[in-house]
Structure formats: structure tokens, C-alpha cells
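The values are calculated or read from the model by the stated rules, or taken from the named source; none is laboratory data. Every value quoted in this text rests on a predicted model; they were computed, and no experiment measured them. A quick note on method: Cβ atoms are made from the backbone with ideal geometry, for glycine too, and the neighbour counts reach across all protein chains shown.
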Amino acid sequence: MTRILPPDVSEAQFERALAEWRAIVGEQQVIATEPDLASYRDPFAPGAAAAFAASAAVQPDSVEAVRAVLRVATQYRIALWTVSTGRNLAYGGAAPRLTGSVVLDLQRMNRIIEVNETLAYALVEPGVSYFDLYAYLRSNGHKLWVDPPAAGWGSVVGNTLERGFGYTAYGDHAAHQCGMEVVLANGDVVRTGMGGIEIGTSWQAFQPGFGPSFDAMFMQSNYGVVTKMGIWLMPAPPAYLLGEIQFQHEEDLEAIVDILRPLRLDQTIRNNAVIEGGLRRAAGLTPRSQWYEGAGPMPEAAIDAMLKKLDVGRWNLHFALYGTPDVIDAQYAAVKRAFAQVPHARLRAQRYRGDEQPAGGGDRNLAGIPAMTAFRMLDWRGGAGAHVDFSPVCPATGRDAMRQYTMTKARAAEYGFDYYGGFTAGTRHLNHIFAAIFDRDDARQADAAGDLLRVLMSDARAAGYGEYRSHLAYMDLAAAQYSFNDGALLRLAETIKDTLDPAGILSPGKQGVWPAKWRDRRGYT
């Protein structure tokens, strides 16, 4: 296999840089040969994984080591691609946007620095996963909940920086972040907000600080390396209820959203409720081949038969209520009244004491328990299961939800894919996640998934929607959708990039933001 070098760097220069990095972090923490670099390839790449290949990876374990690594990268003009644990699957994993970049892998920075039960927060490093934080809280007797995303092995810092979300009342991870430590490209270490006071007492208690607020600037950006982050935790409630409402018809989606919205706005339902498509629910229970083995999308008759046999709705609303038993009683009564107007809707619910845990299933996420059940989807099509996600946002109205759903389902069928998706309800918006599931050993399926994603993004933009997150391959396309005033937003982002990182070493191309040095690579891999 031909060795991959960083762009515009000779082999001799690269070897000198690798030697200097080994002196900083240790011999074993610099990965520069196959097959060791395999873990830095995108395992779910919708096409050739080599299109986003790293030349090496460096694993520092401290802020000082990060600063030293950046000094070497600046000296040799080597692009770095920062990951927390590299588990951003369906969006590129640990692979870099610019081929030949060196992955700056922060997984060894895995300390839980502080948990404050009085103020309900934690201060963590990028290598801390949701499983790690959950286990720490449990083993130390803290009456606090994490808010896990679909896959509990992900980094708390990494998921928050990507504006990921979970399913409890603290499901908006970006909104519940408070205070960062960031290493800038020039090695300067900044603590945002109240962290600007060396002996400060409120770093994780008050988000803004004094003057301009910068935390949001480091989310989904390539302006610095986040080495510490504060995250607010949910106090364990005295009791909670996990509910599911099954709906029998596709067209019920419009009513579901319009009924759910006021319940979210007035906080009767405080958590990020999930409107799960029937096929998505079924894929966690059974393989597709049990119901249909033909080419193309699964026929409606086969879907109907499958859902009936599995006792699954066309749409399945998952919600939670938290608080004292009397508060839950009142909230549950309001939910039942609201959804009683949908014909044939079936409501199921289970109550728990605050110290009880659900027996199993994805609803454990709603109880602050990390899980990996989402990966059952990989068995749906058979073979080496993979998926790439289309992640648009829309207003929380039934009309918009139905419009996105019908557009996405029709396009997916055109390219031979089933509609595997659903909506997660914020208060005023919906995150719509559709996964194109394919066998990564089947080149035709992988290519079709890639083609489908590009068309879906164009369709969404034509209808006035944009993505909140995208795979590496589509970051430039996603950024181009935000085209007001001939792309003024992207021009602003790149002006800031060139000011903070004039050498262009930090994550070139992330979210479509390219430094001047690499701007000619836009649109290319």
C-alpha cells in the first residue's frame, strides 16, 4: 500500500515531525503504519474509505502535550484533525476531511476532573465517554444523571461539540454545556466564561462570564482544541414515567407533531421526545430478510404485516415525565387527553422510583442510562452493516414534518432504500434523522447511499431546510446551503479561521470551513 503523506510535505519532513512527536508523547502514541491506522478510517464510508485517509495519528495525554504537538504541526505546516474518541460513526468516524491530515486523538485525556453534586455539574476531558461518566456517578453514589445520546460509547465533549442530543430533560447537550478550556493554534490556552478568573468559583455555574461569550464558537468548528468542558447534569428525580404511544397511520405524523409541540413548549413533556418510524423500531427487533428479501425498498404490504406481527406502530412516540408522583400524575393525564384525539392511538407507560432502572431497551436512554442498542440497525440489510445519516432540521409543525418525511421516503425508495428514520422534538424545532443503511461490502449499495445523501441535501435546501450535521463527504455541500448574501456566513467563519489559525493546521474543511492555505481543496477529498 502506498504511504500517504500530509499534503505539501515531503517524506523527510514528515519523518522529522513524527520523530519530534514521539519525543513528546511516546513511541507507542504515534501511529504511522498500516494496519494500525485502520481505526482512523471511516468504517461506514459511503464510497471509497481511502478518500478520507490519515497519514498518522498522535495521542497526547495532557494540555502541555497538545501545545507541543501543535508547535510541531505549525513548524512543518502539517494539518491536524482533532477527535475526542473518534466514534462519530455515520458522519465520518475518526477520519479527516483533508486526506493526509494527522489525527490529533484525545482519547488518552480521559479524566473526570470534578463532579459537583450541589450544583449538578461535571468537568471532564475529551476522552471521557458517557459510559465512563455514568459509571463514575454510580460508583461514587452521586444522585445525578447523564444525558446519553443513542450510542453511549461516544465522548461527552465530542458529542456536545457536534451539537449532539440525548433524550432526558437535559437532551440539548450544547445548551447544558458551561465553560471550556481551549488550546488555540498558536498554543495559547483559553478558559471561557468565568474560567477567565484563575481562582474563580463559578466556571461551571454561569455560562456567559464577562464580555463576549465564546463557547459556541468552538462547537462544530476548527478554531481550537477543546481540552476540558463543563457539562450540567440532571438531578435524579424522585420518580419518573416512561411512555410510548403507537400510531397506526403514516398521516398521523402531522397530528403527532402538532399535539406534541404545546406539550414541549409548556414543559409538560420536558425531555427530547422521539417520534420513531415503524421500520426504525422494527430494525431493532428483527432483520429485514425475515419479512422481505426482494430488491428495492420494502413494499408497504410487507411493512404492514411486519409491524402488525411485531406489535409496532407506523409511528411510535417515546416520552418521559420526571418529578414527584403527584406531578407525574397531572402531566400524564394531560398527555393522555391531548393524544386521545388521534384515532386508534395506543398509549403504554411504566412508572419507576427515582432509584429504579428500566429492564432494557432503548428507553433506558430516557432514564439517563447509556446503551448501544442503536447499533442493532446494522443487522437490518445483512452483510457488513453500515449507515450514513441525513440530518436536516425543520420547525416543529406537523406540516413541515410531513413534508420532510414524504420527500425523504420518496427519494430513498428511488435509490432502493427503506425509510429508516424519525424525529427528535426540541421545543420549537425537530431534528429529523434518516439513515441510509447499506452493506459496506457491496460497492453498489455504498455508492447509492452516497448519491442519495447528495440528492436529499439538495431537495432539502430547495424546500428551505438545512442540515445541522453531516458526513465528511458532504460538509462543503452542507455549508453551501447556507447561502444568504452570497455565503456571508461562511465568509465570516473563514475570516475568523484565518485570524486564529493563519497556518491552517487545525481540522481543515471541518463543517466546510477551510483556511486560506487549503481553500482550493473545497469540494474535493
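Could you say whether any residue in the stretch 270-285 is in the same structural domain as Arg346 (by TED's automatic domain parsing), touching a strand residue (DSSP E or B) at 6+ places or on another chain (Cβ under 7 Å) and polar (S, T, N, Q)?
yes
Keeping to the stretch 481-490, report how many residues are surrounded by fewer than 18 Cβ atoms within 10 Å (Cβ to Cβ) and either in a helix (DSSP H, G or I) or touching a residue at least 60 places away in the same chain (Cβ under 8 Å) (or both).
Adding up the residues that qualify gives 6.
Does the stretch 53-74 hold any residues that are part of a helix (DSSP H, G or I) and touching a helix residue (DSSP H, G or I) at 6+ places or on another chain (Cβ under 8 Å), and which are they?
Residues satisfying the conditions are Ala65, Ala68, Val69, Val72, Ala73.
Against the condition farther than 27 Å from Leu70 by Cα and not in a loop (DSSP other than H, G, I, E, B), how does Val157 come out, does it pass?
Considered against the rule, which asks whether it is farther than 27 Å from Leu70 by Cα and not in a loop (DSSP other than H, G, I, E, B), Val157 comes out as no.
Which condition does Arg376 not pass, out of (1) over 12 Å from Ile437 (Cβ atoms); (2) at pLDDT below 90; (3) in contact with a helix residue (DSSP H, G or I) (Cβ under 8 Å, 6 or more places away or on another chain), if it passes all the others?
Of everything listed in (1) over 12 Å from Ile437 (Cβ atoms); (2) at pLDDT below 90; (3) in contact with a helix residue (DSSP H, G or I) (Cβ under 8 Å, 6 or more places away or on another chain), Arg376 misses just condition (1).
Among the residues of the stretch 428-451, which ones are touching a residue at least 60 places away in the same chain (Cβ under 8 Å) and buried (at least 16 other Cβ atoms within 10 Å of the Cβ)?
Once the filter is applied, which keeps residues that are touching a residue at least 60 places away in the same chain (Cβ under 8 Å) and buried (at least 16 other Cβ atoms within 10 Å of the Cβ), the stretch 428-451 yields Leu430, Asn431, Ala435, Ala436, Ile437, Phe438, Arg440, Gln445, Ala446, Ala449, Gly450.
Yes or no: the stretch 183-197 includes at least one residue that is modelled with pLDDT of 95 or more, in contact with a strand residue (DSSP E or B) (Cβ under 6 Å, 6 or more places away or on another chain) and at positive phi.
Yes, the stretch 183-197 contains a residue that is modelled with pLDDT of 95 or more, in contact with a strand residue (DSSP E or B) (Cβ under 6 Å, 6 or more places away or on another chain) and at positive phi.
Find the residue count for the stretch 164-202, including only residues that are part of a loop (DSSP other than H, G, I, E, B) and surrounded by fewer than 20 Cβ atoms within 10 Å (Cβ to Cβ).
10
Say we look at the stretch 282-305 and pick out the residues that are in contact with a Gly (Cβ under 8 Å, 6 or more places away or on another chain) and assigned to a helix (DSSP H, G or I); which of these is nearest to Ala435 (Cα to Cα)?
Filtering the stretch 282-305 for residues that are in contact with a Gly (Cβ under 8 Å, 6 or more places away or on another chain) and assigned to a helix (DSSP H, G or I), the one nearest to Ala435 (Cα to Cα) comes out as Arg288.
All but one of (1) of a type in the set (Phe, Trp, Tyr); (2) touching a residue at least 40 places away in the same chain (Cβ under 8 Å); (3) under 14 Å from Ala122 (Cα atoms); (4) surrounded by fewer than 20 Cβ atoms within 10 Å (Cβ to Cβ) hold for Trp153; which doesn't?
For Trp153, the failing item is (3).
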